[in-house]
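Shown next, in structure tokens, is the structure this report addresses.
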Amino acid sequence: MKIQFINKSIESQKQRLLQHSLYEKVKTVDELHTFLENHVFAVWDFMSLLKALQEKLTCTTTPWLPTGNPETRYLINEIVLAEETDISLDGKRLSHFEMYLDAMTDCGANTTPILEFLDNVQQTKNIFVSIKKSNLHPNVKAFLDFTFRVIDEGKPHKIAAAFTFGREDLIPSMFTEILKNFQINFPEKKLDKLVHYFERHIELDADEHGPMAMQMITELCGTNEVKWKEVKEVSIEALEKRIGLWNGIEEQMPVNVELV
């Protein structure tokens, strides 16, 4: 019942996302590249949310100890297995982030900004400094900053809320819409890896990871009303930041000047 309450609370934001005008703006190769070159940051920081949950809800240090709820441990480890070491279109073991980078390269998108950003993260050892000093669009910065503020606060139910309602629960619907446009508008481009990435997410998140994540939220919050309230607040903010990300990508779309 609590999950239903959260879903009802965030319905407005979900509908704004699913009906966002960005989907109709990805119609040329340049527009596709603009989308991918910004969205890749969300693909990357998703992994940090996931690994933060793994650190909080399983034992990742030695000596090993049976930490937390075994069911929750299973849920997290199962998701990590697929997200960090899935099978690519070429039959290789890759994380979904690496699959996305491969897909970007295949269709001619620029991976330099995300790779330079990650190099800077390694150099500064401070994600917030790297975000602030980057040349990313302000909405991309705000999206990343929110993710890592939630992680930095260290509350598992809040991290799980951002992960579940801000990401996993939406991915099948959002990516289906994007995929439809890609297939219609770019039939001749090298999009096999990109299509595989989206289809894999749709398959995993709709059938497995989405329900698992919902169960994880229920396990973490139990009957604690304060936690459920915080889950709602974080979920709403996560979706608002995603809407902001979509707005930011839309603002960067190339201007097509038609000659009269």
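The values are calculated or read from the model by the stated rules, or taken from the named source; none is laboratory data. What you see is a predicted model, and the numbers here were worked out from it, not measured in a lab. Ideal geometry is used to build each Cβ from the backbone, glycine not excepted, and the neighbour counts take in all protein chains shown. Protein only, heavy atoms only, side chains kept; ligands, DNA and RNA dropped before computing areas. Shrake-Rupley method; radii C 1.70, N 1.55, O 1.52, S 1.80 Å.
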Which length gain, in nm to one decimal place, applies between Asn224 and Arg16 when the Cα-Cα distance is subtracted from 0.36 nm times their residue separation? 71.9 nm
Potential extension, Leu81-Lys190 segment - 0.36 nm per residue separation minus Cα distance: 36.5 nm
Violations at 19 Å Cα threshold for listed pairs Lys2/Lys232; Lys92/Lys125; Lys51/Lys158; Lys190/Lys241 -> Lys92/Lys125; Lys190/Lys241
Packing-ranked peptide list from 106-116, 193-203, highest mean Cβ count within 10 angstrom first, is 193-203, 106-116
Under the Karplus curve 6.51 cos²θ - 1.76 cosθ + 1.60, θ = phi - 60°, whole-Hz ³J(HN,Hα) for the range 214-224, x wherever Gly or Pro sits: 4, 5, 4, 4, 4, 5, 6, 8, x, 10, 7
Residue by residue through the range 143-156, what is 3J(HN,Hα) from phi via Karplus (6.51 cos²θ - 1.76 cosθ + 1.60, θ = phi - 60°)? Round to whole Hz and write x for glycine and proline. 4, 5, 4, 4, 3, 7, 5, 5, 5, 5, 5, x, 8, x
Per residue, the convex hull enclosing the alpha carbons of the range 4-100 has a volume in Å³ of 147 Å³
Candidate aspartates and glutamates - alpha carbon under 16 Å from Lys180, same-chain residues fewer than 8 apart omitted: Glu24, Glu31, Glu188, Asp192, Glu199, Glu203
Distance between the C-alpha centers of the range 56-107 and the range 1-44? Whole Å please. 23 Å
Rounded to a whole number, what % of the accessible area of the chain do carbon and sulfur atoms account for, probe 1.4 Å? 51 percent
Derived scalar couplings ³J(HN,Hα) [the range 189-203; Karplus, 6.51 cos²θ - 1.76 cosθ + 1.60; whole Hz; x for Gly, Pro]: 6, 7, 10, 4, 5, 5, 4, 4, 4, 5, 5, 5, 5, 4, 4
Given the options Leu220, Ser48, Leu118, identify the residue whose Cα lies farthest towards the positive end of the charge dipole of the chain (+1 on Cβ of Lys, Arg; -1 on Cβ of Asp, Glu). Leu220
What number comes out for the charge environment of Asp192, summing +1 per Lys or Arg and -1 per Asp or Glu over other residues with Cβ under 11 Å away? -1
Let me know the charge dipole size of the range 11-152 about its Cα centre in debye, to the nearest 20, where only the beta-carbon of Lys, Arg (+1) and Asp, Glu (-1) is charged. 500 debye
Based on the inverse mean of 1/r over its pairs of different Cα atoms, what is the Kirkwood hydrodynamic radius of the range 103-243, in Å? 17.1 Å
Stick to the Cα atoms of the chain, pair each with every other, and give me the Kirkwood hydrodynamic radius in Å at one decimal. 19.1 Å
Farthest positive-ward along the range 83-191 dipole, Cα basis, beta-carbon charges - from Gly154, Phe182, Met99: Gly154
Could you pull the Cα extents of the range 10-62 along its three principal axes, largest to smallest, in whole Å? 51, 29, 8
Surface per residue (accessible, 1.4 Å probe) for the chain, Å²: 49 Å²
Among Leu191, Ile249, Ala142, whose Cα projects farthest towards the positive end of the dipole of the chain, with charges put on the beta-carbon of Lys, Arg (+1) and Asp, Glu (-1)? Ala142
